[in-house]
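What follows is one structure encoded as structure tokens, with my remarks underneath.
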Amino acid sequence: MIVYEAIKSEFLNDVYEDRLVENISNNYVDKIGKINKSELRSWDNSMNYMYKILMDPSIPDDVGVAVEFKVPHTSRRVDFLISGSNDTSQSVVIIELKQWQEIDKVEGKEAVVKTVLGGGKRETTHPSYQAWSYASLIKDYNANAQEGQIELYPCAYLHNYIKLNENDPIVDEVYQYYVDKAPIFRKGDSSQLRNFIKKYIKYGDNKLNLYRIENGKIRPSKSLQDALLGMLKGNDEFVMIDQQKVVFETAQWLAREAIRTNQKQVLVVKGGPGTGKSVLAINLLVALTAQNMVCQYVTKNAAPRTVYAQKLKKDYRKGNIDNLFKSSGSYIETPVNEFDVLIVDEAHRLNERSGMFSHLGENQMKEIINASKLSIFFIDERQRVTLKDAGSIDSIQLYASELQAQVSFAELDSQFRCNGSDGYMAWIDHILQIKETANADFLGTDYDFRVFQNPNEMKEEIFRLNKVNNKARLLAGYCWNWNKEGKNNSNIYDITIPDYQFGMSWNLANTSSWAIDENSVHQVGCIHTSQGLEFDYVGVFIGDDLFFDNDEIKTDFSKRAKTDNSLKGIKQMYKEDPNKALTLADEIIRNTYRTLLTRGQKGCFVYCTNKALEKYFIQQLNALNKYDYMNKEINMKNLIAEEKPSSYE
């Protein structure tokens with residue numbers, strides 16, 4: 001998706017006539033959503049600099065110009081693109097624009113700098129790394145770029161940054177690798193930037209390559225489970241961008257510091273669904289293991305561990321795999337600092353105590369911190385889905401303090417699932433009435449969300465989509481009993497909807513490997529078989545535990561299945577403290593559906609047993625389809641969100 005595109009002559013005229021920012025703003029509102037003030041200021045400032053750069057008459061008038069190109073499958077946007085060709089190839093120059101005036105070098109973290117963002121100094125990725133990573137991701141996802149039809153040439157332009165005569169940190173040798181891949185231009189470097197552009201773009205293309213980039217076939221992103229084997233062999237399967245890279249480097253630095261100083265460290269990484277927590281966790285497992293550190297990947301949920309093991313079993317012995325991937329209850333009697341690093345994915349799912357009857361150990365968070373020199377907790381407290389889920393930031397801090405560990409915090413915000421749409425995530429929070437969100441009336445994506453009124457039709461659509469690559473699945477809230485007599489027979493139906501003569505079984509006895517098994521599309525998965533994993537498409541059956549009444553989404557824990565252990569003990573709690581029980585049950589039920597509805601990369605379908613809820617979903621979806629900012633005469637001031645740091649800053 002491109003917010004603004006034109007040929008060079010049109011771009012120059014828009015700037016000269018002082019229409020460019022208005023045009024960009026209108027398109028931005030139409031395609032993405034509300035604008036913050038710093039974004040407007042950045043466009044106004046940076047586009048005037050690009051106007052001066054492109055005034056060079058030897059840059060053809062019909063080269064393509066694009067502003068704000070959304071990187072496929074992420075929520076990130078490339079600032080500026082110029083398209084054309086040279087004597088050997090079709091070309092697109094990618095320019096990362098920055099308002100920065102100064103930076104500090106950050107020691108011990110690859111491609112990380114510190115600069116003023118949002119009113120204070122923060123760590124972020126080096127501009128050359130940003131430009132290079134965006135180009136790499138475009139090439140990774142765009143078939144035209146992959147097949148060599150288009151060459152991408154990234155660079156960064158810091159037009160407010162005054163060059164230092166000596167020892168300028170922005171081009172320090174520690175950043176040279178990425179500066180070589182994406183040259184950096186500062187204030188006073190106009191002629192050098194022009195020469196860079198003219199080197200790769202000699203002839204205009206009338207925006208043809210922009211069209212190819214925007215409309216080229218998007219190949220499915222590499223899912224974590226498919227890429228793990230290559231990652232463990234040392235291949236760079238995923239390019240980390242922005243805050244992912246900062247967290248990656250921070251974690252490595254903390255690991256080295258913990259070993260060097262013998263000071264126990266804890267890193268808490270917050271991030272919602274689809275922000276790349278699991279990808280980053282596996283990247284860290286690979287990188288730290290390659291540095292001869294003793295590391296393990298830890299989850300309570302067996303499904304991700306089993307999926308990874310299935311993918312690895314042809315190349316690695318079972319003992320090696322078991323030593324890489326461990327359950328969260330594995331550290332009850334582990335000596336202090338036995339491991340260099342323990343990487344905990346889905347840390348919100350950790351229990352207080354371990355064992356079948358929760359009678360072993362003291363606390364899983366405490367045991368993990370005790371057992372490692374550095375413990376990394378990837379956490380999203382809105383994905384706690386059982387009463388036993390005790391993983392919380394407060395608890396991690398408590399035990400870290402008790403064990404005299406230093407605690408660091410980081411947050412992931414780039415969206416990689418649901419076609420990279422922050423809007424879809426916000427919309428799900430809105431329609432489930434979990435929290436109010438700024439863009440509740442705008443998805444900003446071509447994400448495929450549908451409401452089915454017949455469960456058989458949703459099943460058939462998932463079956464059809466699954467034929468492509470076995471990556472479409474049916475999921476359900478836990479409102480139907482899991483019958484023991486049918487656990488190995490998909491012809492014995494657990495989930496029945498009599499009005500439509502619909503019947504399917506739960507995921508038999510293959511709970512842990514259900515996500516990748518060939519016949520799993522004929523079974524319905526639950527929260528425990530899908531959390532921490534992703535698919536191309538999901539169809540979600542929403543049971544009677546979630547319903548719509550008097551303009552509100554409501555929950556009813558009594559409608560959960562008797563075989564559901566996620567709310568085990570809630571009835572006794574209700575007798576003792578009704579308000580506490582209702583609040584906890586409501587949170588768990590909403591979190592469960594929020595998690596299920598965010599498992600699909602390309603699309604999510606729903607069927608609701610409660611017809612009032614079905615009607616509500618349809619109304620919400622229709623409101624999205626009908627909403628058109630461009631047809632409404634809204635004062636621009638009303639579209640300005642609260643002040644936020646700009647991506648250009």
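The values are calculated or read from the model by the stated rules, or taken from the named source; none is laboratory data. The structure displayed is predicted, hence computed values, not measured ones. Neighbour counts are summed over all protein chains in view; Cβ atoms, including those assigned to glycine, are modelled from backbone coordinates with ideal geometry. We work out accessible area using only protein heavy atoms, side chains counted, and drop any ligands, DNA or RNA first. Shrake-Rupley method; radii C 1.70, N 1.55, O 1.52, S 1.80 Å.
Computed values, structure above
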| read-out | value |
| --- | --- |
| Backbone N under 19 Å from the SER58 label point (7 Å along Cα→Cβ), restricted to region 1-42 | 8-9 |
| Sites THR334 and LYS37 - FRET efficiency at Förster radius 56 Å, r taken between beta-carbons, to 0.05 | 0.65 |
| Share of pairwise Cα separations in the chain, more than 41 Å, in percent | 31 |
| Those trypsin sites (Lys or Arg not before Pro) in region 294-337 that DSSP places in a loop and that have at most 13 other beta carbons within 10 Å | LYS313, LYS314, ARG317 |
| Average Cα contact separation per residue, the chain, under 8 Å, 6 or more apart, as relative contact order % | 14 |
| Sites matching chymotrypsin sites (Phe, Trp or Tyr not before Pro) across region 322-387 that sit in DSSP coil, with at most 15 neighbouring C-beta atoms within 10 Å | PHE357 |
| Span from the region 1-60 Cα centroid across to the region 461-524 one, whole angstrom | 50 |
| For region 452-459, 3J(HN,Hα) per residue [Karplus equation, 6.51 cos²θ - 1.76 cosθ + 1.60, θ = phi - 60°, Hz, x = Gly/Pro] | 9, 8, 10, x, 5, 5, 5, 4 |
| Listed residue pairs exceeding 19 Å between alpha carbons, taken from LYS70/LYS207; LYS109/LYS300; LYS484/LYS554; LYS70/LYS139; LYS139/LYS181; LYS388/LYS568 | LYS109/LYS300; LYS484/LYS554 |
| When the convex hull of its Cα atoms is projected in every direction, mean area for region 55-210 (nm²) | 9.7 |
| In region 499-588, the GluC sites (Glu not before Pro) that fall in loop regions by DSSP, at most 14 other Cβ within 10 Å | GLU518 |
| Value of [θ]222 nm, deg cm²/dmol, for the chain, DSSP H segments ≥ 4, -39500 (n - 2.57) each, nearest 500 | -11000 deg cm²/dmol |
| Charge dipole (debye, nearest 20) of the chain; +1 at Cβ of Lys and Arg, -1 at Cβ of Asp and Glu | 1340 |
| Degrees separating the helix 243-261 axis from the principal Cα axis of the chain, which is the longest one | 70 |
| Nearest-0.05 FRET efficiency for ASP394 and GLU257, computed from C-beta distance (R0 25 Å) | 0.55 |
| Förster radius 35 Å - calculated FRET efficiency between ASN488 and ASP413, Cβ distance, rounded to 0.05 | 0.25 |
| q = 0.11 Å⁻¹: log10 I(q)/I(0) that the Debye formula gives for region 35-113, counting C-alpha atoms only | -0.42 |
| Solvent-accessible surface ranking, highest first, for VAL468, VAL78, VAL171 at 1.4 angstrom | VAL468, VAL171, VAL78 |
| Calculated from backbone phi, Karplus (6.51, -1.76, 1.60) coupling profile of region 99-110 in Hz, x at Gly/Pro | 8, 4, 10, 7, 9, 10, 6, 10, 6, x, 10, 5 |
| Positive-end residue, the chain charge dipole about Cα centroid, Cβ charges, pick of TYR537, ALA143, ILE35 | TYR537 |
